[in-house]
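Down below is the structure, laid out as structure tokens.
The values are calculated or read from the model by the stated rules, or taken from the named source; none is laboratory data. Since the structure is predicted, the reported quantities are computational estimates derived from the model, not experimental observations. Here the Cβ positions follow ideal geometry from the backbone for every residue, glycine too, while neighbour counts run over all protein chains shown.
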Amino acid sequence: MKILFVADVFGTAGRRAVEERLRSLRAELGANFCILNGENVADGAGITPKLADKLLAAGADVITLGNHVWRRDGMGAYLEKSERVIRPANLSRHAPGRGLTIVDGVAVINVLGSLFLAPHINPFEEIDAIVAEARAKTQMIVVDFHAEATSEKVAMARWLDGRVTAVIGTHTHVQTNDARVQPGGTAALTDAGMTGPHDSVIGVEADLAIRRMRTGMPVRFYPAEGGVRIEGALVECSEDGRATSIETVRVPFP
């Protein structure tokens, strides 16, 4: 089994790359399953039901989210019904939606990091129970850990080693160079990167981001357009859910 993870899709440029290239990329890589983080597809912050449906139609099997999950209207009702778009599991238990789904024998878990993001529940308090729930139904389990701190991502990957197929970090939009299969058979990558405009500051027009950093004044951000590429990771695993390889993906578009 080969599982393609598509890193944070950012803005119109990232969405266009997915819509026009994902199906052919899956075929080239021999990917049987595709997970996509759609956290930033709506102008760089959040997602809408319409955009989620477009990404699923483009070839994603499951969409994961993150800290911007509630930025757009209509997502509560949409997530309440959707089985293929999930939000972080460690939000309030009263929040609509789910943090675990199983599609075609692959369990996908979405969790939000605690450092600098302050979710309702610490991810380490939630993860054991949700992994156990997934393992009762399948051995192929991928965790999207949407977190800011590299230390927290590495710690989560180590904690889950041997219990899940892969722990893929998202959120920082900068692809890390530490793809590895850990001793227990869990593939790990601290951050899968960004699918979108890399001639930018993590997706935003560079001049705008720099102006706010230099002046400390409020600046409205707009998604950039140039240097588009698809980033992510390709994980291969055996039937018992143990990862045999992981490699980063970086594909220019068009």
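Restricting attention to the range 37-72 and to residues that are in contact with a Pro (Cβ under 9 Å, 6 or more places away or on another chain) and not aliphatic (A, V, I, L, M), the residue that is farthest from Ile230 (Cα to Cα) turns out to be Arg72.
Within the range 61-84, residues that are closer than 23 Å to Leu4 by Cβ reach partners that are surrounded by fewer than 13 Cβ atoms within 10 Å (Cβ to Cβ) and among the acidic types (Asp, Glu) with beta carbons closer than 8 Å, at six or more positions or on different chains, in the pairs Asp61/Asp104. All conditions in (1) under 24 Å from Gly44 (Cα atoms); (2) in contact with a Lys or Arg (Cβ under 6 Å, 6 or more places away or on another chain) hold for Gly113, with the sole exception of (2).
Taken together, the residues in the range 71-104 that are closer than 20 Å to Ala45 by Cβ and of a type in the set (Lys, Arg) amount to 3.
Count, please, the residues in the range 168-195 that happen to be in a loop (DSSP other than H, G, I, E, B) and more than 29 Å from Gly226 (Cα to Cα). I'd like the intermediate steps shown before the answer.
Step one: filter the range 168-195 for residues in a loop (DSSP other than H, G, I, E, B), giving 171-179, 182-186, 190-193.
Remaining after also requiring more than 29 Å from Gly226 (Cα to Cα): 182-186.
Counting residues in the range 168-195 that are in a loop (DSSP other than H, G, I, E, B) and more than 29 Å from Gly226 (Cα to Cα) gives 5.
Condition check ((1) among the hydrophobic types (A, V, I, L, M, F, W, C); (2) out of contact with any Leu (no Cβ under 7 Å at 6 or more places or on another chain); (3) at pLDDT below 95; (4) crowded, with 19+ Cβ neighbours inside 10 Å) across all residues:
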position: Met194; (1), (2), (3), (4): yes, yes, no, yes
position: Asp199; (1), (2), (3), (4): no, yes, no, no
position: Ala209; (1), (2), (3), (4): yes, yes, no, no
position: Arg214; (1), (2), (3), (4): no, yes, no, no
position: Met217; (1), (2), (3), (4): yes, yes, no, no
position: Gly227; (1), (2), (3), (4): no, yes, no, no
position: Arg242; (1), (2), (3), (4): no, yes, no, no
position: Arg250; (1), (2), (3), (4): no, yes, no, no
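For the subset of the range 116-152 comprising residues that are over 26 Å from His94 (Cα atoms) and touching an Asp or Glu at 6+ places or on another chain (Cβ under 9 Å), which member is surrounded by the fewest Cβ atoms within 10 Å (Cβ to Cβ)? Per the stated criteria, the residue is Thr150. Taken over the range 92-108, the criterion of being buried (at least 21 other Cβ atoms within 10 Å of the Cβ) and assigned to a loop (DSSP other than H, G, I, E, B) is satisfied by Gly97, Gly99. If only residues of the range 133-148 that are assigned to a loop (DSSP other than H, G, I, E, B) and of a type in the set (D, E, K, R) are counted, the one that is nearest to Asn122 (Cα to Cα) is Glu148.
Yes/no per residue for (1) of a type in the set (Phe, Trp, Tyr); (2) under 13 Å from the mean Cα position of the chain (by Cα):
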| position | (1), (2) |
| --- | --- |
| Trp159 | yes, no |
| Arg163 | no, no |
| Ile168 | no, yes |
| Thr172 | no, yes |
| Gln175 | no, yes |
| Asp178 | no, no |
| Thr186 | no, no |
| Pro197 | no, no |
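Filter the range 6-32 down to the residues that are more than 20 Å from Gly66 (Cβ to Cβ), hydrophobic (A, V, I, L, M, F, W, C) and in contact (Cβ under 8 Å) with a residue 12 or more places away in the chain and list them by number. Write out each step before concluding.
To start, the set of residues in the range 6-32 that are more than 20 Å from Gly66 (Cβ to Cβ) comprises 16, 19-21, 23-32.
After this cut, where a residue has to be hydrophobic (A, V, I, L, M, F, W, C) as well, the list is 25, 27, 29, 31.
Those that are more than 20 Å from Gly66 (Cβ to Cβ), hydrophobic (A, V, I, L, M, F, W, C) and in contact (Cβ under 8 Å) with a residue 12 or more places away in the chain: Leu25, Leu29, Ala31.
Count of the range 186-208 residues, restricted to those that are in contact (Cβ under 8 Å) with a residue 12 or more places away in the chain, more than 20 Å from Thr150 (Cα to Cα) and out of contact with any Ser or Thr (no Cβ under 8 Å at 6 or more places or on another chain), is 8.
Filtered by the rule that a residue be touching a Ser or Thr at 6+ places or on another chain (Cβ under 7 Å) and within 25 Å of Ala132 (Cα to Cα), the range 43-101 gives Val62, Gly66, Glu83, Arg84, Ile86. I'd like the residue in the range 113-136 that is closer than 14 Å to Glu152 by Cα and in contact with a strand residue (DSSP E or B) (Cβ under 7 Å, 6 or more places away or on another chain) and, out of all such residues, is modelled with the lowest pLDDT. Checked the range 113-136; the qualifying residue modelled with the lowest pLDDT is Pro119. The number of residues in the range 27-81 that are assigned to a helix (DSSP H, G or I), surrounded by 16 or more Cβ atoms within 10 Å (Cβ to Cβ) and touching a Phe, Trp or Tyr at 6+ places or on another chain (Cβ under 9 Å) comes to 2.
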